[in-house]
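A.B. asks: First the structure, then my questions, so here it is.
Read-outs throughout are calculated quantities, based only on the coordinates presented, and are distinct from any laboratory measurement. Nothing here was measured: the structure is a model prediction, and the numbers come from that model. Counting neighbours? That spans all protein chains shown, and the Cβs are built from the backbone with ideal geometry, glycine included.
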Amino acid sequence: MAKQYWLMKSEPDVYGWDNLVQDGSGIWDGVRNHSAKLNMQAMQVGDEALFYHSNIGKECVGIMKITEAAFPDPTAEEGSPWVVVRVEPGRALAHPVTLKAIKADPKLADMDLVRLSRLSVGRVTPDEWKHILKRSEQPEG
DNA sequence: GCCAACGTTGGC
DNA sequence: GCCAACGTTGGC
């Protein structure tokens, strides 16, 4: 299957991009929403995901690689449906792409991030992905 | 199976 | 701190 793109949210005061860079690798645990779970189950090794800082910053800050497909969340009860994926930091964006900029951009305003503001793991289309990366090349992208 | 109440998330 | 959106729970 072709490479897929995702966006994953975390509050930076709980676990931010810098934490992931320091750790070198991490599992994306604690997701307790079925839509988000389905998205994680659709992820494949080699897919890429934006790391989005929710609440504080409200911006995409880096690119992660999915390095292991979904497996049961070790922080969830035995027998529960929740899963995690393993991720590694790829590279930081040259300039963060803010929610404000995304909302203001007609090409991006239809993203899961905007339409489903509470969804913590969303899909990003290849077009949206390219566009965000392009915007990240310049300040106030 | 419907719906009101409540809790959580996340932007503002 | 407030509120909108959404999911879950529980009474009926």
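A.B. asks: Search region A:66-91 for residues that are part of a strand (DSSP E or B) and pair each with any residue that is acidic (Asp, Glu) when their beta-carbon atoms are under 7 Å apart and the residues are at least 6 apart or on different chains.
C.D. replies: A:Ile66/A:Asp47; A:Thr67/A:Glu88; A:Val83/A:Asp73; A:Val84/A:Asp29; A:Val84/A:Asp73; A:Val85/A:Glu68; A:Arg86/A:Glu68; A:Gly90/A:Glu48
A.B. asks: Here is a further query. Inside region A:6-34, can you point out the residues that are touching a Leu at 6+ places or on another chain (Cβ under 8 Å) and away from DNA strand B (no atom under 11 Å from the Cβ)?
C.D. replies: Once the filter is applied, which keeps residues that are touching a Leu at 6+ places or on another chain (Cβ under 8 Å) and away from DNA strand B (no atom under 11 Å from the Cβ), region A:6-34 yields A:Trp6, A:Gly26.
A.B. asks: With the structure loaded, tell me whether A:Lys9 is touching a residue at least 12 places away in the same chain (Cβ under 8 Å), within 16 Å of DNA strand C (Cβ to nearest atom), touching a helix residue (DSSP H, G or I) at 6+ places or on another chain (Cβ under 6 Å) and not β-branched (Val, Ile, Thr) or whether it fails that test.
C.D. replies: Against the criterion (touching a residue at least 12 places away in the same chain (Cβ under 8 Å), within 16 Å of DNA strand C (Cβ to nearest atom), touching a helix residue (DSSP H, G or I) at 6+ places or on another chain (Cβ under 6 Å) and not β-branched (Val, Ile, Thr)), A:Lys9 does not qualify.
Okay, residues lined up against (1) within 15 Å of A:Lys58 (Cα to Cα); (2) within 10 Å of DNA strand B (Cβ to nearest atom); (3) among the hydrophobic types (A, V, I, L, M, F, W, C); (4) surrounded by 15 or more Cβ atoms within 10 Å (Cβ to Cβ):
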{"position": "A:Val85", "(1), (2), (3), (4)": "no, no, yes, yes"}
{"position": "A:Glu88", "(1), (2), (3), (4)": "no, no, no, yes"}
{"position": "A:Pro96", "(1), (2), (3), (4)": "yes, no, no, yes"}
{"position": "A:Asp110", "(1), (2), (3), (4)": "no, no, no, no"}
{"position": "A:Arg118", "(1), (2), (3), (4)": "yes, yes, no, no"}
{"position": "A:Val121", "(1), (2), (3), (4)": "yes, yes, yes, yes"}
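A.B. asks: Continuing with this model, one more query. Can you go through A:Met64, A:Met43 and tell me which one is among the aliphatic types (A, V, I, L, M) and within 12 Å of A:Val121 (Cα to Cα)?
C.D. replies: A:Met43
A.B. asks: Can you go through A:Ala2, A:Ala92 and tell me which one is surrounded by 13 or more Cβ atoms within 10 Å (Cβ to Cβ) and hydrophobic (A, V, I, L, M, F, W, C)?
C.D. replies: A:Ala92
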